[in-house]
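J.: Starting off with a structure, shown below.
Please treat every number below as a calculation from the coordinates, not as lab data. Values in this document were obtained by computation on a predicted structure and should not be read as measured data. Counting neighbours? That spans all protein chains shown, and the Cβs are built from the backbone with ideal geometry, glycine included.
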Amino acid sequence: MAAHSLDAYLNSAGGLARLSAHAGRLVKLQRVFEKIAPSYLAASSRVANFKLGRVVIHADSGTVAAKLRQMLPSLLGEFSLEGAEVTEIQIKVQPIHAAMQQKPGGMPRASVSAPAKAGLERLATDLPEDSPLKEALGRLVRNSR
């Protein structure tokens, strides 16, 4: 019942109704894309937008984007066979996984085992005080998990 009332609310207001309809079209196009594209490509890309017959697909990497671009004629035909009114497909590289894994604070922290840390600390103590390597090793030991 709660899902039904949410749908009724989203479809009641003019702006929300358009947004809800657009989201529904995107979901349908995504399902068609997952059906017609090879699974290894569908797993690394997704339908991002649809406007005036143009589908925008975001690929996780340049390699996936290049392969999808090679398949554009067949993808267009397959979308049509599935009843989607698609006249153009645009492929963009949008690596979501890399962005999600990157920490907001900058570089990811290095993972160094306790024995390796001890060895690095011993090496750093044997180096001259003004050595750039000594400074770098100290930072590595301090910033590693």
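J.: Starting from the 7 Å offset along Cα-to-Cβ, what nm value, one decimal, do you get for the label separation of L16 and E135?
T.: Placing both labels 7 Å along Cα→Cβ, they lie 5.8 nm apart.
J.: Quick check for you: which residues of the range 43-80 have the amide N under 12 Å from the point 7 Å beyond the Cα of E88 toward its beta carbon?
T.: Residues passing the 12 Å test: 51-56.
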